[in-house]
Amino acid sequence: MAEKYLDCLGEACPVPLVKTQNAIKEMAVGDVLVVGIDHTCAMKNVPDWARGQGYNVEIEEVGDGEWEVVIEKTK
Amino acid sequence: MEKRIEEYDVVVIGGGAGGMTAALYAGRARLKTLLLEKSLIGGLATYTSEIENYPGFPEGIDGTELMKLFDKQFRKFGVNVKLTDCKGVERLEDGRWCVSTFRTNYYAKAVVISTGGRNRLTGAPGEENYLDKGISFCATCDAARYTGKKVLIIGSGDAAIEEGTFLTRFCSEVWVSVVHDEGHVDANQVAAEKAFKNEKMHFIWNTSVDSFEGDDMLKRVNLKNLKTGEIIPVDVDGCFLFIGYLPNTQLFEGLVNLDSRGYVITNEEMETNQPGIFAAGDVRAKVLRQVATAVGDGAVAGSMAERYISDLDTIHDDILSKDRVIVFYYNASEDNDRAVLLKLETYGKEHGIEIKPVDIYKSDKVMRILSGAHLSAYLYKEGKKVASASLKENFDLSSIESAL
């Protein structure tokens, strides 16, 4: 049950999504990936993709215009 | 992963118009409030491009814009927001509620269910494969995509007929599958007459969907004639389903009372059958589902949650956490009640025992939660009810006195 942080601050779409997909691929089932983003478009496409995969998703607003998307690889 | 525990006064489940309003009222009452939303704030209203019947915006306003204003306003009152799915609600031993998400259990004194609903599907084979790939639920959102194309509408209610008429402005042909006999639709008369006169609209009577077909995208809908059983293939570029709406209440089955269609049953104070659980907005069993009615529900739910929490605090601080106290339920607007209270307070002074008068004029919640009765006195020792006496007929405290 590892937790990994992926820094995508300052990066525009589709970079955060691609990085997230690559990072998840490397992870084991049960691991948690925390993606830091500050582009609103990534705030939509990263969680949408993760939910589509059937993963658990939570978005936390950590600052003004800064979010952490928490993804648990459930399968 | 270890689950975290966070404590709140109020947790609102669902970030549509009703939920945001409930959170606004709770937050403004200085309650520690959390709003949970599974995708994006705004709810169903964000699917409407023009809202013309929400008062205060005489020129009409885009649904997403209006919800952005709601969002800005409720956050002003210190409400926390978590964008994640609610996984369940369970009662804790101390009477609070545990609202769980995949990482955190939120312990709340009061919960507002404002989870809204979703569009109903036909359940026909192939449907799953073409959701958002040719099957759509919102003409306003997707009309432009079908400019010059042929679409099929399933259903004949207000939404089906009105949205269908709207689609004729974009599409070359709009076909409508109706379960009823020729000439009968469920929509209002005005909309129906307009649709019957529209040259681009064609009706296929007595039919429902048999299956959906296509490759990557939807190409054909096979309709079935309900009288003859005949299959009618209709080649289309898109298909709109307007066959109703289902409340998002699967999570709450067995927790709160639902009506036969799955909507949460509440009273006028937005209370469900569970103490401390309220409901607001489209998820409630009610007659009109609009932003305007969701806002009304949310305001009531938010302030009733506040009142409930203050009652809980009374119960805990003034009754259950005392070594010994006599609780007396009276109506402060009645002369007789006040006279009995006066006698009881004199008795308390003489015997050195604290009296806790609970006025039921404004709210009888505390009395109901503790299953008390009007004009009765109850002796509590270390959180337990040990004796009672009805002072309605005569002032006789012997049963309490023997337990002191």
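The values are calculated or read from the model by the stated rules, or taken from the named source; none is laboratory data. Model, not experiment: these values are computed from the prediction. Note: ideal-geometry Cβ built from the backbone for every residue, glycine included; neighbour counts use all protein chains shown.
Take the residues in segment B:50-70 that are surrounded by 17 or more Cβ atoms within 10 Å (Cβ to Cβ) and out of contact with any helix residue (DSSP H, G or I) (no Cβ under 6 Å at 6 or more places or on another chain); name whichever of them is nearest to the other protein chains (Cβ to nearest Cβ). Applying the filter and picking the extreme gives B:LEU66. Would you confirm whether any residue within segment B:175-186 is among the aromatic types (Phe, Trp, Tyr) and assigned to a loop (DSSP other than H, G, I, E, B)? Taking every residue of segment B:175-186 in turn, none turns out to be among the aromatic types (Phe, Trp, Tyr) and assigned to a loop (DSSP other than H, G, I, E, B). Return yes or no: is B:TYR8 in a strand (DSSP E or B), in contact (Cβ under 8 Å) with a residue 24 or more places away in the chain and in contact with a Phe, Trp or Tyr (Cβ under 9 Å, 6 or more places away or on another chain)? Against the criterion (in a strand (DSSP E or B), in contact (Cβ under 8 Å) with a residue 24 or more places away in the chain and in contact with a Phe, Trp or Tyr (Cβ under 9 Å, 6 or more places away or on another chain)), B:TYR8 qualifies. Within segment B:281-298, residues that are in the same structural domain as B:GLY19 (by TED's automatic domain parsing) have Cβ atoms under 6 Å from residues that are among the polar types (S, T, N, Q) in these pairs: B:GLY281/B:SER114; B:VAL283/B:THR115; B:ARG284/B:THR266; B:VAL295/B:THR21; B:GLY298/B:THR21, counting only partners at least 6 apart in sequence or on another chain. The sole residue among B:VAL111, B:VAL151 that is closer than 29 Å to B:GLN189 by Cβ, at pLDDT 95 or above and either assigned to a strand (DSSP E or B) or assigned by TED's automatic domain parsing to the domain that holds B:GLU193 (or both) is B:VAL151. Checked against (1) more than 13 Å from every other protein chain (Cβ to nearest Cβ); (2) at pLDDT 90 or above, A:GLU66 meets all criteria but (2). Here the condition is being within 9 Å of another protein chain (Cβ to nearest Cβ) and within 11 Å of the chain's Cα centre (by Cα); of A:ILE37, A:ILE59, A:ILE71, it holds for A:ILE59 alone.
The numbered conditions (1) within 23 Å of B:ASP71 (Cα to Cα); (2) more than 13 Å from chain B (Cβ to nearest Cβ); (3) under 11 Å from the mean Cα position of the chain (by Cα) are all true for A:GLN21 except (1). Selection of segment B:344-369 for residues being crowded, with 17+ Cβ neighbours inside 10 Å and among the hydroxyl-bearing types (Ser, Thr, Tyr) yields only B:TYR347. Report yes if B:ILE319 is assigned to a loop (DSSP other than H, G, I, E, B), surrounded by 13 or more Cβ atoms within 10 Å (Cβ to Cβ) and of a type in the set (Val, Ile, Thr), otherwise no. Criteria not met by B:ILE319. For segment B:370-390, the candidate set comprises residues that are among the hydroxyl-bearing types (Ser, Thr, Tyr) and farther than 14 Å from B:ASP337 by Cβ; within that set, the residue that is surrounded by the fewest Cβ atoms within 10 Å (Cβ to Cβ) is B:SER371. Give the residues of segment B:82-108 that are within 14 Å of chain A (Cβ to nearest Cβ), in contact (Cβ under 8 Å) with a residue 60 or more places away in the chain, of a type outside the set (S, T, N, Q) and not in a strand (DSSP E or B), sorted by residue number. Residues satisfying the conditions are B:CYS86, B:LYS87, B:ARG103.
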